[in-house]
1. Can you sort Asp30, Asp105 by how many other beta carbons sit within 10 Å, fewest first?
2. Quick check: pseudo-label points 7 Å beyond the Cα along Cα→Cβ at Ala95 and Asp31, how many nm apart are they?
3. Between Glu2 and Glu74, how high is the FRET efficiency from 1/(1 + (r/R0)^6) when r is the Cβ-Cβ distance and R₀ = 30 Å? Nearest 0.05.
Amino acid sequence: METGGYKGRSRRLPRHELHQILGERLGLPDDRIVCEYGMCELSSQAYDRIAGSPNSARKLRFPPWARARIVSAENAVEVSAGRAGLIQVFDLANAFSAVAIQTEDLGIWDEDGFELIGRATEAIPRGCSLMSV
């Protein structure tokens, strides 16, 4: 399970190179590596597919009770398919918490799901793999 990489702290590695290294070191074919997108503020996570199924684009999808929208950083209006923007997540499983969050993660949406492409330029690094200072 690949969950997002280095958070910009040590080096930057394209996803296909990371998966190639994982495959070589662990003896896994690419179709056995599953990508996950989630955060502690959400009760639900998005996954790119079921292991072993063909999906070269690796589009992330939330379960039916959660939705992702890709919005413009300038006005928070949803962008058209194929255009980049900030990821907003609406998670109905977030009982007694915020139902919606806007991240500083960038994504591109189409009818098959969304692709995580990085962080906004001025965004503060976040993630469970970062140590507090």
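1. On the way: Asp30 12, Asp105 22.
Fewest to most other Cβ atoms nearby, the residues stand as Asp30, Asp105.
2. A separation of 3.9 nm, rounded to one decimal place.
3. That gives a FRET efficiency of 0.45.
Values quoted throughout were computed directly from the atomic coordinates according to the rules given, and no laboratory measurement underlies them. These figures come from a predicted structure and were not determined experimentally. All Cβ positions, glycine included, derive from the backbone under ideal geometry; neighbour counts span all protein chains shown.
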